[in-house]
Amino acid sequence: MCDLPQDASSSCLVLGQTRRILGNTTSIDRGMHHPKQGVGLSRDPQGSMSMGLRMEEVIFNLADTHLFFNDLEECDQVHIDDVSSDDNGQDLSNYNFATDGFHAAANNANLCLATGVRGGVDWMRKLAFRYRRMKEIYNSYRSNVGGLLGSPKREQWMQLRHEIETLTDSWLTLALKSLQIISSRSNCVNVLVTTTQLVPALAKVLLYGLGGVFNIENIYSATKIGKESCFERIVSRFGRKCTYVVVGDGRDEESASKQMNWPFWRISNHSDLAALHHALDLGYL
């Protein structure tokens with residue numbers, strides 16, 4: 001879930017997984033609880049189901065309304081800059097995304113159906129424009145998602161977040177403390193690798209107030225290529241002199257970390273999360 005470099009020659013990166021960072025959203029979304037957790041979700045399965053549906057609505061509403069998910073659901077990328085080479089730098093101040101013909105062209109030509117399938121120059125440029133605009137929106141509202149939501153959605157989401165924190169015994173607050181420690185270190189960085197598609201993952205990060213600890217360039221979607229391939233991309237970006245630590249709860253990230261020969265810190269419950277915070281706070285990690 002996070003990523004940390006420590007000095008010019010030997011950095012330490014901690015990488016993580018959205019299920020354990022974003023307030024147990026995977027579990028809540030499905031109205032389930034983690035068998036090892038024994039908190040909130042297991043006490044009120046009906047409440048967690050209802051809350052999950054409300055969360056899903058807010059997440060996808062934000063993704064559709066502000067992050068072009070209606071256009072990009074079948075054109076998902078691993079990384080926000082993956083199509084930037086097709087961007088000609090055109091001023092988008094007065095650009096009308098609704099009438100540029102991108103969505104109709106994509107539907108008619110099935111341009112987005114497979115990884116690596118590329119349309120013509122004009123269509124690829126319009127795709128790149130959407131990812132550039134998404135990046136601008138993320139960076140503008142990363143610390144103020146309420147400004148993006150507006151009233152009354154802002155107040156409704158804040159109430160829902162409060163209910164989530166109550167249901168999960170403040171899981172998100174505890175996770176955020178660890179992320180903030182890493183983010184505050186000049187030689188460290190948080191990197192998020194998720195099995196969620198990139199656009200809704202960005203919506204989740206914004207909605208859970210994590211934009212301040214995750215630069216958009218440090219968020220990767222493993223939906224198409226898998227976590228090990230994402231890890232390899234991260235190594236090619238940050239280099240082999242870094243020390244990488246993977247934080248998560250799934251077998252896929254644990255297996256991928258073993259393939260990369262990286263240490264894995266398992267997070268299964270509040271005690272594990274508290275231990276991670278303690279290790280970071282005392283400088284052991």
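The values are calculated or read from the model by the stated rules, or taken from the named source; none is laboratory data. Given the structure is predicted, the values throughout are model-derived calculations rather than measurements. Cβ: placed from backbone, ideal geometry, glycine included. Neighbour counts: every protein chain shown.
Of all residues in the stretch 130-142, those that are farther than 13 Å from Glu217 by Cβ have Cβ atoms under 7 Å from Cβ atoms of residues that are part of a helix (DSSP H, G or I) and aromatic (Phe, Trp, Tyr), 6 or more apart or on another chain, in Arg130/Phe97.
Tell me, which residue of the stretch 119-165 that is assigned to a loop (DSSP other than H, G, I, E, B) and surrounded by 16 or more Cβ atoms within 10 Å (Cβ to Cβ) is modelled with the lowest pLDDT?
Of the stretch 119-165, the ones assigned to a loop (DSSP other than H, G, I, E, B) are 119-120, 142-144, 150-152.
Next, only the ones that are surrounded by 16 or more Cβ atoms within 10 Å (Cβ to Cβ) stay: 119, 142.
Values: Gly119: 66, Arg142: 97.
Checking each candidate, the answer is Gly119.
Within the stretch 59-108, the set of residues being more than 29 Å from Gln156 (Cβ to Cβ), small (Gly, Ala, Ser) and surrounded by 19 or more Cβ atoms within 10 Å (Cβ to Cβ) comprises Ala106 only.
Can you find, within the stretch 239-248, the residue that is surrounded by the fewest Cβ atoms within 10 Å (Cβ to Cβ) among those that are under 16 Å from Val191 (Cα atoms) and touching a strand residue (DSSP E or B) at 6+ places or on another chain (Cβ under 7 Å)?
Across the stretch 239-248, the extreme among qualifying residues is Thr243.
Taken together, the residues in the stretch 172-231 that are in a loop (DSSP other than H, G, I, E, B) and closer than 17 Å to Val247 by Cα amount to 9.
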